[in-house]
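The values are calculated or read from the model by the stated rules, or taken from the named source; none is laboratory data. These numbers come from a predicted model, not from an experiment. Note: ideal-geometry Cβ built from the backbone for every residue, glycine included; neighbour counts use all protein chains shown. What goes into the accessible areas is simple: the full protein's heavy atoms, side chains included, and nothing from ligands, DNA or RNA. Shrake-Rupley method; radii C 1.70, N 1.55, O 1.52, S 1.80 Å.
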Amino acid sequence: MNASTPWDDAPCGLLTMRLDGTVVAANATLLAWVGRTREEVVGRARLAELLTVGGRIYWETHLAPLLIVERRLDEVAVELRAAGSRLPVLLSASATAARRDGPAAAEDADGALVQVALTPSSERSRYERELLAARRVAEQSAAHVRALQEVTAALSRAVGVEAVAGALLSAVLATLRAPAGTVWVAEAGATLVQRASAGEAGGAAPAPSAQELAAAGEPCLDGARVVVPLHGRDALRGVLSLVRPKGPTAPALDRDVLVAVGRQAGLALDRAQLYEQQAGVAHELQRALLVGEPPEDPRYEVAAAYQPGVEALEVGGDWSDVFLARTGVLAVVVGDVVGRGLGAAGAMGQLRSAVRALAGTGAPPARLLTLLDGFVAQIPAASMATLAYAELDLATGLLSYACAGHPPPLLLPPQAPGLLLWEGRSTPLGAFVGRAPRTQARAWIKPGARLLFYTDGLVERRRQPLDDGLLRLREAADRVRDVPGADAVGTIIGTLLADAEARDDVCMLLLTWLGPTLAEELPADLRRLPGLRRSLGEWLAAQGVPTPVCGDVVLAASEAVANAVEHGCAGGPGLVRVSAGIERHADRPQVVVTVSDDGRWREAGAAVPERGRGLRIMRGLMDDVQVMAGEGTTVVLRRALGGAVP
């Protein structure tokens, strides 16, 4: 062929050969590669002779037979024998019929020609390297975008500074594959305080300098760590310190990604700090509107708790109150005003004041709810509020209660399963229609019994029946019936709000009735002892104390009072105070009698042999006798009752 043809000028080696490998045509590019003239190759040489030894063997044993059968080869790597070197090429070949078409052409081996193209594999390798490099860059960019998306998503879900610090650290370690890290948050006065740590012990990371980082404004290396400042809108909000990955295959921490993460985290801390400031104001307002300390009385104990919902910035409408409706009668109320915000809080405060005012008139629970219907008609924000109101006679244990659309109180009798009080129910406040009056119910409770009042957020879930929530409440309360009140309340709330579905506020109040007590103050006169023995014996009998135990306790108390009159008051004017009660926190209930005076205790001596006899009597009759002397003398007598007291 003419050397000036495009065939000769092609950038790849081209040749035509017979099926036996004899070259019948070759372009100038191929001849230049092998360092031979056209006369030395065309009609004289076979393709196998132009290949290296390994390539020739491969051609004769594999490629030539495959070409005859398949009639083509595609990009097979071989090596040409170039002048003084080897040239790696990719060989492609296609067999065609030179004389006639159809099936007969394939059978005419002598008439078939093969078109061969040889391309330097170095060009293909360079292309592949460039393609792999571009793919790595694309994958790295995609990984960086995913990392930023995951960090941003984690920060957007976090509520509060503590949650933002934890979410930032978890997301960064997971996406950037750093082995460990620590987050500091700038507090008042630009002081950095460690708020989260993972993969390393707290305090293991060196504390960064807020002043230096504020000036630097971008990530910097600190030995084996990289320190990322977290800038908010106008100030440094915190610092992220990461341990750099080690090892030859460990990924490097990308500076641009760290800069973007630092900006996102700084803005998230801005929002979190503003959120906590506003939440603090809301919580202070909530606490101001909730009940204060209940009146002190040895006959009962109260433990209350309030748990705000997820939307903690808004003041809720859940509330509770405990107060004396009248002498010896304790009023307990738990309510829930519909909605959130200042409107609900204001309605809650007005409703609480109305309950106290109406309870002071002596209105029973059902009548009180009826009067509240008229009140909420004037307060639109209080309409449809729910409320549970109960009055407990502290002397007898008589409980009167009524519920206006509120979840039923839970009664926990001593040594018996919990019981939901479903009686005395009616519609929410302001929704009462018709002439039928609201109803109330009564129950007699035993000393040591507990009453649990709560709002619906404790038991209601969107995808669960209400019965399931009430069952969980009963089971949780039964498990902590012997736990002190405050701890029991915390455990119940922690158990029932452990799921992620709880979104509403929760208010809970636990009332424990310890039973009636005896309290008398006597002049220092032994002639008053018979009356004391009689009143103490009657009180013990009313509590169900067995007769033999009653006699022992009365005798021991008489000896203590006689000692107080004769020795504490020295026969002169003075007062002796006597109180008695049933303690039920221990494994077995016990009678506790306390006798106190303003005198000084005098130990028995040999000069007066009969002295000390009363103390020996007391110790012989009681399980425990304590004498405490100071400004006055107090004697505490204890006698276990086993299971005698109901």
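In table form, for the structure just shown:
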{"item": "Yes/no for LEU399 being part of a strand (DSSP E or B), open to solvent by less than 10 Å² (accessible area, probe 1.4 Å) and touching a residue at least 24 places away in the same chain (Cβ under 8 Å)", "result": "yes"}
{"item": "Among (1) under 30 Å from ALA163 (Cβ atoms); (2) at pLDDT 90 or above, the one test that GLN307 misses", "result": "(2)"}
{"item": "Number of the exception - ILE493 against (1) open to solvent by 10 Å² or more (accessible area, probe 1.4 Å); (2) within 20 Å of ASP318 (Cβ to Cβ); (3) touching a residue at least 12 places away in the same chain (Cβ under 8 Å); (4) not in a helix (DSSP H, G or I)", "result": "(4)"}
{"item": "All positions within region 174-194 that are out of contact with any helix residue (DSSP H, G or I) (no Cβ under 8 Å at 6 or more places or on another chain) and either β-branched (Val, Ile, Thr) or within 18 Å of PRO208 (Cβ to Cβ) (or both)", "result": "TRP184, GLU187, ALA188, GLY189, VAL193, GLN194"}
{"item": "Lone unmet requirement of (1) in contact (Cβ under 8 Å) with a residue 12 or more places away in the chain; (2) closer than 30 Å to ALA629 by Cα; (3) among the charged types (D, E, K, R) for ASP499", "result": "(2)"}
{"item": "Unique residue being touching a strand residue (DSSP E or B) at 6+ places or on another chain (Cβ under 9 Å), at pLDDT below 90 and part of a strand (DSSP E or B) when the list is GLU501, GLU520", "result": "GLU520"}
{"item": "Inter-residue pairs, beta-carbon under 8 Å, first under 15 Å from SER579 (Cβ atoms) and in region 523-537, second acidic (Asp, Glu), 6+ apart", "result": "LEU532/GLU520; SER535/GLU520"}
{"item": "Test result for LEU221, at pLDDT below 80, closer than 24 Å to HIS144 by Cα and assigned to a strand (DSSP E or B)", "result": "yes"}
{"item": "The listed residue being of a type outside the set (A, V, I, L, M), surrounded by fewer than 18 Cβ atoms within 10 Å (Cβ to Cβ) and touching a helix residue (DSSP H, G or I) at 6+ places or on another chain (Cβ under 8 Å), out of PRO407, PRO437", "result": "PRO437"}
{"item": "Those residues of region 331-367 which are out of contact with any strand residue (DSSP E or B) (no Cβ under 6 Å at 6 or more places or on another chain), more than 22 Å from PRO308 (Cα to Cα) and open to solvent by less than 50 Å² (accessible area, probe 1.4 Å), in sequence order", "result": "ALA354, LEU358, GLY362, ALA363"}
{"item": "Members of region 220-252 found to be crowded, with 20+ Cβ neighbours inside 10 Å and of a type in the set (A, V, I, L, M, F, W, C), listed by number", "result": "VAL226, VAL227, VAL228, LEU230, LEU236, VAL239, LEU240, LEU242, VAL243"}
